[in-house]
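The values are calculated or read from the model by the stated rules, or taken from the named source; none is laboratory data. The structure presented is a predicted model; accordingly, all values stated were derived computationally and were not measured. We place every Cβ from the backbone using ideal geometry, glycine too, and count neighbours over all the protein chains shown. Side chains are part of the model used for accessible areas, which takes the heavy atoms of the whole protein and leaves out ligands, DNA and RNA. Shrake-Rupley method; radii C 1.70, N 1.55, O 1.52, S 1.80 Å.
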Amino acid sequence: MIDPIERPAAVPRHVAIVMDGNGRWAKKRYMPRFFGHKQGVDALVRTVLACADRGVEYLTVFAFSSENWKRPSEEVSGLMGLVLVAVSKYLAKLAGDGVRVRIVGDRAQVSDKLREAWQHAEDSTRHNTRINLSVAFNYGGRWDIVQACRQAMAAGIRPEELDEERLNSYMALSYAPDPDLFIRTGGEVRISNFLLWQAAYSELVFTDCLWPEFGTAELDAALAQYARRERRFGAVPSRALATSGS
Ligand code: IPE
Ligand code: IPE
Ligand code: MG
């Protein structure tokens, strides 16, 4: 058991990132939004390797939300195509660098081609252990909770058997500890249906940096903020107990 009141370890085990701001980054440059998404893939690859170098064990990134289907169809199909390009351009490098890739999200709605690319990415990195990259694609925190409940019901779990641990075992990220650090780039201060269940006690860091510009300086700034936080998980800090003498 870990002490419930702890200074966070200097490095978070699990970092989650809402990679936001690609469109605005491109707009600032009078470029189409797609250009921002393309640069966003490069920022992701940089960040995965930088996290691995710093000892982060799990990195979970929000790439496409359950709600992003509301975007113009050209942008949605551009993003789907970009995934295929990104897999063919970067998978070998990530695999060679020890990255294990998993995709979390509803695969039912995506094309066969995309499903195959995801499967290939997962299969070809299955034995890697340096860092676990989870790409949340067609993912929503609410979707995750509902699909977990459905799986539990389908498995015949009785209501009195269901507790947090049991439900968590059916969630998309059941293989990972809860995220310690939750970063959102792009200046918006909201969760946008990312890890609703898992981020219950994550430390939140919001930065105005637009995702394509995210690099080691921004990552280190977020890690430094994290290292200064005091995590309590609902308990009383030990120094407060010491001063009150109880
Ligand atoms: C995030 O960047 C990437 C996706 C949601 C796919 P945006 O596309 O949301 O960029 P902004 O927020 O419009 O700048
Ligand atoms: C969140 O960003 C989703 C991803 C980064 C994939 P959005 O740009 O979709 O979020 P909202 O619409 O600003 O809340
Ligand atoms: Mg956005």
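Of all residues in the range 151-195 being among the small types (Gly, Ala, Ser) and not in a loop (DSSP other than H, G, I, E, B), which is farthest from Phe64 (Cα to Cα)? Before the answer, list the steps.
At the first step, the residues of the range 151-195 found to be among the small types (Gly, Ala, Ser) are 152, 154-156, 169, 172, 174, 176, 186-187, 192.
Narrowing further to those that are not in a loop (DSSP other than H, G, I, E, B): 152, 154.
On the way: Ala152: 26, Ala154: 27 Å.
Within the range 151-195, the match that is farthest from Phe64 (Cα to Cα) is Ala154.
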Problem set entry | Meets criteria (in a helix (DSSP H, G or I) and polar (S, T, N, Q)) for Gln198 | no
For this session: List every residue pair whose Cβ atoms lie under 9 Å apart, where the two residues are 6 or more positions apart in sequence or sit on different chains, the first residue falls within the range 23-41 and is more than 10 Å from ligand 1 (Cβ to nearest atom) and assigned to a loop (DSSP other than H, G, I, E, B), and the second residue, located anywhere, is open to solvent by 50 Å² or more (accessible area, probe 1.4 Å) and not charged (D, E, K, R).
Result: Arg29/Phe35
Seminar exercise, completed: Restricting the range 166-190 to residues that are within 14 Å of ligand 3 (Cβ to nearest atom) and surrounded by fewer than 16 Cβ atoms within 10 Å (Cβ to Cβ), the one nearest to the chain's Cα centre (by Cα) turns out to be Arg190
Seminar exercise, completed: For the range 152-181, pairs from a residue that is among the acidic types (Asp, Glu) to a residue that is outside any helix (DSSP H, G or I) and open to solvent by 60 Å² or more (accessible area, probe 1.4 Å), with Cβ under 8 Å and 6 or more apart or across chains, are Asp178/Ala200; Asp178/Tyr201; Asp180/Arg13
For this session: Out of the residues in the range 109-146 that are touching a residue at least 40 places away in the same chain (Cβ under 8 Å) and either of a type in the set (D, E, K, R) or assigned to a helix (DSSP H, G or I) (or both), state the one that is most open to solvent (accessible area, probe 1.4 Å).
Result: Arg142
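Being open to solvent by 20 Å² or more (accessible area, probe 1.4 Å) and touching a strand residue (DSSP E or B) at 6+ places or on another chain (Cβ under 7 Å) is true for just one of Asp53, Asp97, Asp42, Asp106. Which residue is that?
Working: Asp53 fails: touching a strand residue (DSSP E or B) at 6+ places or on another chain (Cβ under 7 Å); Asp97 fails: touching a strand residue (DSSP E or B) at 6+ places or on another chain (Cβ under 7 Å); Asp42 fails: touching a strand residue (DSSP E or B) at 6+ places or on another chain (Cβ under 7 Å).
One residue alone meets the criteria, Asp106.
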For this session: For the range 73-83, state whether one or more residues are surrounded by fewer than 16 Cβ atoms within 10 Å (Cβ to Cβ) and among the hydroxyl-bearing types (Ser, Thr, Tyr).
Result: yes
